[in-house]
1. What residues have an amide H closer than 5 Å to that of GLY148, excluding those fewer than 5 places away on the same chain, when H is modeled at 1.01 Å from N in the peptide plane?
2. Take ASP361 and TYR125, extend 7 Å from each Cα along the Cα→Cβ direction, and tell me the distance between the two endpoints in nm.
3. Solvent-accessible area of LYS30, probe 1.4 Å, all protein chains present, reported in Å² to the nearest ten, please.
4. List the GluC sites (Glu not before Pro) within region 311-366 that DSSP assigns to loop and that have no more than 16 neighbouring Cβ atoms inside 10 Å.
5. Leaving ligands, DNA and RNA out of it, work out the accessible area of TYR101 with a 1.4 Å probe and give it in Å² to the nearest 10.
6. Heavy atoms only, probe 1.4 angstrom, no DNA, RNA or ligands counted: give me GLU213, GLU12 ranked by accessible area, highest first.
7. Which lysines have a Cα less than 28 Å from the Cα of LYS167, not counting those fewer than 8 places away in the same chain?
8. Sort SER59, SER348 by accessible area with a 1.4 Å probe, largest first.
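The values are calculated or read from the model by the stated rules, or taken from the named source; none is laboratory data. Not measured: the values here are computed from a predicted model. For neighbour counting, all protein chains shown are included, and Cβ atoms are generated from backbone atoms with ideal geometry for every residue, glycine included. Note: accessible area is taken over every heavy atom of the protein model, side chains too, but ligands, DNA and RNA are not part of it. Shrake-Rupley method; radii C 1.70, N 1.55, O 1.52, S 1.80 Å.
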Amino acid sequence: MSIPSINAAQSERLQLYNILISALGQGRIKGVRVYAEHDYAEPATSPISLDIQGSSGLSRLTQGHNIACSSFALLTYRNAATLQKLAMNVGAKDDWLRLVYGGTHVAATFNSLAVLTLTFNDVPYNTTWAAIDYVSPFPVLSTLEVYGSVYPFDDDLLFRGNGRTMKNLRLSYNVIARNVLGRFDVLRRSGVVQTNLVLIGHVCDIDDAYVTERKRALIKRQLHHVMETSAALFISDNTPDMLMLETIAAAPSTHSLRHLDFGGLVLRVAGVINIIAALPSLASLTCVVRDPDSPAGENAMSLCLNSFRTEQHHLSKNFRVLRVPHTANFSAEKIAHVANFLAVICPSFAFVDLPLEHCKDFSQEIARAMVNRPNGLLVGYPGLAPIGNLVHIDFSVDDEI
């Protein structure tokens with residue numbers, strides 16, 4: 001339901017919407033997604049509070065923008081037994097308490113809730129809410145998504161009792177900066193074997209200022225725990241001091257991480273090789289790549305690769321896919337140059353995944369390289385052949401897990 005902008009002189013419209021949605025709620029409706037438009041020509045108004053508490057048996061509930069959280073929190077509490085997917089914009093601790101306790105002294109238990117999305121856009125950065133003890137509201141949660149510049153909880157309530165079921169974590173960088181994964185042993189709880197995906201959101205300037213030297217060590221430790229227990233890691237961007245990239249490149253080689261996505265982070269050939277060397281189980285890497293800037297750099301890399309070939313030594317037998325997202329400075333020639341290096345040192349290297357509009361140019365560059373055989377690097381490496389048979393895979397962090 002989309003509600004047009006309502007100002008103080010149109011309060012009767014809100015009553016009409018309340019009647020309508022309450023009537024719909026008496027039927028066999030299974031999900032509610034409601035948001036209100038904002039007329040920017042009118043003075044700002046308070047979020048709209050809908051009286052929809054009569055709705056029961058809901059399996060999906062989404063609080064859109066400009067809708068008061070308090071009424072949705074109560075609606076959520078009253079549908080705790082049936083909700084499977086919930087998305088809320090939490091702005092105050094009282095709203096969070098309404099969700100957990102519903103104005104009573106009895107905590108809700110969401111026995112069917114598999115996907116929980118929480119957004120904290122209106123919470124001041126240094127806010128910390130007092131811990132809630134002795135309750136485990138989300139025992140079967142499999143996907144947790146946390147957005148916003150602050151993580152206000154001072155407890156592990158979101159992670160209690162779901163160690164065996166939790167598979168996908170999409171977390172704001174503030175969660176890592178506040179050492180939530182480390183302080184509450186989120187990835188080392190009872191039952192945790194392996195997660196499918198851990199996604200770390202964008203780094204805000206205020207986050208970077210918050211991270212002291214001591215906290216840098218805690219961030220490194222959390223990233224190591226992620227690499228030990230997750231099959232895939234997505235990092236939206238890096239800190240200004242490249243802390244996360246350096247931590248991953250220096251990780252112990254025992255980690256079992258198979259897929260790493262750096263988003264728009266730029267790596268040169270040596271950087272790609274360092275990451276593959278640090279993560280022996282890595283099967284795919286997503287990043288923007290650049291080849292060496294100078295002939296001297298290219299010659300040095302050629303000597304390195306010739307050394308690999310002469311010694312019959314391979315960098316990784318597991319690495320198969322390089323994914324390169326679209327960028328304004330995209331160069332099919334440079335991507336092909338990097339692919340040539342990977343074909344030499346990674347015998348299982350299968351293909352480069354590119355935006356569809358660049359596939360033709362890249363295929364031509366690979367074909368030209370196979371004919372010219374620069375530096376003799378492409379002779380006798382069967383992994384090169386499939387590179388020309390491009391496979392296109394759409395990969396977006398907005399896709400549902």
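1. The list, which skips near neighbours in sequence, is PHE120.
2. 3.9 nm
3. Looks like 110 Å² after rounding.
4. Working: sites: GLU311, GLU333, GLU357, GLU365; in loops: GLU311.
Of the GluC sites (Glu not before Pro), the ones in loops of region 311-366 whose Cβ has at most 16 other Cβ atoms within 10 Å are GLU311.
5. That residue has around 50 Å² of solvent-accessible surface.
6. Details: GLU213 135, GLU12 110 Å².
Listed by decreasing accessible area, they come as GLU213, GLU12.
7. Straight-line reach from LYS167, under 28 Å: LYS30, LYS85, LYS93, LYS215, LYS220, LYS317.
8. Details: SER59 15, SER348 35 Å².
Correct descending sequence by accessible area is SER348, SER59.
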